[in-house]
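The values are calculated or read from the model by the stated rules, or taken from the named source; none is laboratory data. As the structure is a prediction and not an experimental result, all values here were calculated from the model. Positions of Cβ are backbone-derived with ideal geometry, glycine not excepted, and every protein chain shown enters the neighbour counts. What goes into the accessible areas is simple: the full protein's heavy atoms, side chains included, and nothing from ligands, DNA or RNA. Shrake-Rupley method; radii C 1.70, N 1.55, O 1.52, S 1.80 Å.
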Amino acid sequence: MAVGSTGHVRASCVVKIGPSRDLCGTTPAQFAELVERLAPMAEIAKRTREMRGGRVRAPGAGRKPRAFAQRLLVVLTHLRQGHSTRATAALFGVHERSVRNWRDEIEELLGDHGFRPPGARRSIRTLDDLRAHLDRTPGEACMVDGTHVPTKMPVDFEGQRAMYNGKDRDHVVKATVVADAARRPLWFEANPSNEGRTHDVTMLRAQVALLAALGATTATVLADKAYVGLKHDIDPDGVLTPWVKPRGGVLSDEDRDANHLLSSLRMPVEHAVGRMKWWRALRYWRRPADRFQRGGKAVAVLASML
């Protein structure tokens with residue numbers, strides 16, 4: 001890098017950016033595996049768009065897209081660092097509209113790929129896949145928890161009330177996360193109402209299909225105090241929640257020990273959420289609340305594989 005006589009900075013070298021855990025959240029080997037998994041899906045999606053009915057442009061016409069590995073590197077960096085599209089575009093020397101388009105493409109591909117935790121026979125794409133994955137493991141327990149991400153305050157007052165979470169005293173977007181004992185997310189589903197004030201168990205009850213899948217599995221569901229009433233929605237013998245202190249009373253020593261043991265057993269879901277929050281895009285949500293399902297699921301898929 002050199003400075004000219006007019007004071008302007010003149011570039012004298014080109015910096016080559018490659019995948020790394022600090023930059024894009026993957027090692028070079030993990031990045032190569034992601035390219036191997038997602039590139040064929042991207043090619044199929046491209047061919048489908050080219051052959052759709054009513055298309056005027058001939059297949060293959062127009063400006064040639066960037067290589068898939070380059071697009072993937074930009075998007076993973078964007079999600080890992082949590083920067084705005086403008087900042088990511090400046091980092092890679094592309095237009096911010098390109099970052100936005102590539103982000104939407106990669107997030108859709110990750111959602112179609114599904115969750116692939118270590119040891120899974122196949123990707124978990126649907127709730128039927130989730131139930132089959134849990135049923136295949138004898139004695140398996142799944143952990144359920146709600147997570148939230150701070151977001152910008154809506155302009156209108158009603159929107160502010162809907163997004164405000166009294167526990168955190170902030171405006172948030174929320175989702176339900178299902179995890180396994182290996183500390184990997186198995187499912188991610190955003191709040192259907194896109195509100196931040198919804199209680200965790202109320203949110204799960206609104207996610208009717210997910211609630212039915214948890215009730216149909218043979219795995220035991222472990223949850224915290226926010227889900228105490230869950231035993232009334234699914235099989236009481238298949239749900240473990242903490243003992244709650246009775247009004248005006250105290251918990252017995254046995255109940256305290258049971259709560260302590262349950263807290264230890266359900267700790268993997270906290271670690272799974274932590275793996276997701278390692279991607280800084282889920283530390284502050286910059287986009288509209290209705291985009292949280294696609295973006296959050298894409299990050300959860302990454303956290304299940306990496």
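Return the total of residues in segment 5-25 being open to solvent by less than 60 Å² (accessible area, probe 1.4 Å) and either farther than 22 Å from Glu107 by Cβ or modelled with pLDDT of 95 or more (or both).
So the answer is 2.
When Ala162 is evaluated against the numbered criteria (1) touching a Gly at 6+ places or on another chain (Cβ under 9 Å); (2) closer than 25 Å to Ala216 by Cα; (3) at pLDDT below 95; (4) small (Gly, Ala, Ser), which criterion, by number, is the only one it fails?
Failing condition for Ala162: (2).
Being out of contact with any strand residue (DSSP E or B) (no Cβ under 9 Å at 6 or more places or on another chain) and in a helix (DSSP H, G or I) is the filter here; which residues of segment 259-280 pass it?
Our first condition is that a residue be out of contact with any strand residue (DSSP E or B) (no Cβ under 9 Å at 6 or more places or on another chain); within segment 259-280, this holds for 259-261, 263-264, 274, 278-280.
Within segment 259-280, Asn259, His260, Leu261, Ser263, Ser264, Gly274, Arg280 meet the criteria.
Got at least one residue in segment 161-168 being over 23 Å from Gly82 (Cα atoms) and either within 21 Å of the chain's Cα centre (by Cα) or outside any helix (DSSP H, G or I) (or both)?
Taking every residue of segment 161-168 in turn, at least one turns out to be over 23 Å from Gly82 (Cα atoms) and either within 21 Å of the chain's Cα centre (by Cα) or outside any helix (DSSP H, G or I) (or both).
Starting from residues that are out of contact with any Gly (no Cβ under 8 Å at 6 or more places or on another chain), in contact (Cβ under 8 Å) with a residue 60 or more places away in the chain and assigned to a loop (DSSP other than H, G, I, E, B), keep the ones in segment 169-190 and report whichever is least open to solvent (accessible area, probe 1.4 Å).
That would be Asp180.
Just to be sure before I move on: is Thr176 more than 15 Å from Leu302 (Cβ to Cβ), in contact with a Leu (Cβ under 6 Å, 6 or more places away or on another chain) and among the polar types (S, T, N, Q) in the structure I sent? Can you show your working first?
Numbers: more than 15 Å from Leu302 (Cβ to Cβ): yes; in contact with a Leu (Cβ under 6 Å, 6 or more places away or on another chain): yes; among the polar types (S, T, N, Q): yes.
It is true that Thr176 is more than 15 Å from Leu302 (Cβ to Cβ), in contact with a Leu (Cβ under 6 Å, 6 or more places away or on another chain) and among the polar types (S, T, N, Q).
For the subset of segment 120-168 comprising residues that are hydrophobic (A, V, I, L, M, F, W, C) and over 22 Å from Met276 (Cα atoms), which member is surrounded by the most Cβ atoms within 10 Å (Cβ to Cβ)?
The residue in question is Ala162.
Within the group Ala45, Ala29, Ala61, which residue is over 20 Å from Val94 (Cβ atoms), open to solvent by less than 50 Å² (accessible area, probe 1.4 Å) and modelled with pLDDT of 65 or more?
Every option except Ala45 fails the conditions.
Which residues, taken from segment 214-236, are of a type in the set (Gly, Ala, Ser) and open to solvent by less than 30 Å² (accessible area, probe 1.4 Å)?
Selection gives Ala219, Ala223, Ala226, Gly229.
Report the residue count in segment 237-286 for those that are open to solvent by 90 Å² or more (accessible area, probe 1.4 Å), charged (D, E, K, R) and touching a residue at least 40 places away in the same chain (Cβ under 8 Å).
2
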